[in-house]
1. Could you sort MET209, MET89 by their accessible area in this structure, using a 1.4 Å probe and putting the largest first?
2. Let me see the P(r) profile for the stretch 120-217: every Cα-Cα distance counted, bins of 10 Å, each bin given as a percent of all pairs.
3. Filter the GluC sites (Glu not before Pro) in the stretch 129-211 down to the DSSP loop ones having no more than 13 other Cβ atoms within 10 Å, then list what survives.
4. Order the following by accessible area, largest value first: ILE82, ILE190. Probe radius 1.4 Å; ligands, DNA and RNA are ignored.
5. In what sequence, largest accessible area first, do THR163, THR140 appear using a 1.4 Å probe?
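The values are calculated or read from the model by the stated rules, or taken from the named source; none is laboratory data. What you are looking at is a predicted structure, and each value in this text was computed from that prediction instead of being measured. Don't worry about glycine lacking a Cβ; one is built from the backbone with ideal geometry, like all the others, and counts go over all protein chains shown. Surface accessibility is based on the protein's heavy atoms, side chains included, excluding ligands, DNA and RNA. Shrake-Rupley method; radii C 1.70, N 1.55, O 1.52, S 1.80 Å.
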Amino acid sequence: MKKKRISLILAFLVTCTFTFGLSVRADDDNEHEYKKHEKYDDDDRYEYDHDDDDDDDRYEYDDEDESYNTDGEVYEKGTWNIWTRELVMEKEVLPFSTSKLVNLKVVDMNKELNFYVIPKDGEFFVPGKTVAQLLGAKATFYKTSKILDIQYQENELVFRSGTNVVYDNNVKTPLPASSFYLNEELYVPISVITNGLGYVVEWQEDNQMFLYQLLIK
């Protein structure tokens with residue numbers, strides 16, 4: 001009788017150990033998979049919170065809306081196609097004010113794109129990943145964290161949805177307006193993605209087209 005009871009106890013312990021081991025391994029596998037696809041969440045360079053160090057004392061990082069605070073400072077009037085890398089409170093009137101389908105063409109290259117542009121907060125917003133790839137950049141979008149990483153030659157831009165912050169070659173820099181997520185894309189100001197990758201852009205009203213050209217050939 002004692003032998004039978006001991007056998008039952010041993011069988012129960014083995015079963016518990018095996019089941020618990022599988023559970024721990026499954027949890028570890030899930031955690032590893034999450035970290036694999038969300039690497040920027042664990043990278044200090046891309047922390048969008050109050051722990052970020054600001055080298056520029058003019059800006060104070062706000063925990064609630066993850067934005068820069070100008071403390072009442074106003075810089076020169078901004079234009080939709082020039083990224084000043086400064087906060088701009090006053091902006092020029094946009095060439096058009098309603099969302100519409102337009103063309104984007106790159107000068108001296110057989111590249112053209114047709115997409116919707118969205119005027120918002122005094123800026124033109126374009127789908128960041130789509131435009132970056134047209135310009136020959138490598139673009140990766142992390143859907144869970146809403147982070148877009150763009151790499152082009154020696155330049156890197158890292159955006160996050162809902163913030164007016166971009167990491168420009170690892171330097172935390174203000175955007176002229178906050179990026180946002182729409183239709184599986186992260187929309188960013190056209191001036192930032194254009195100038196940040198070494199291009200300039202102009203609007204051609206007659207052709208309803210954004211014309212891109214390399215800043216330095």
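1. Numbers: MET209 25, MET89 120 Å².
Sorted descending by solvent-accessible area, the residues read MET89, MET209.
2. 16, 52, 28, 4, 0
3. Numbers: sites: GLU154, GLU156, GLU184, GLU185, GLU202, GLU205; in loops: GLU154, GLU184, GLU205.
Within the stretch 129-211, the qualifying GluC sites (Glu not before Pro) (loop, at most 13 other Cβ atoms within 10 Å) are GLU154, GLU184, GLU205.
4. Final ranking, largest accessible area leading: ILE82, ILE190.
5. Working: THR163 0, THR140 45 Å².
Most to least solvent-accessible, the answer reads THR140, THR163.
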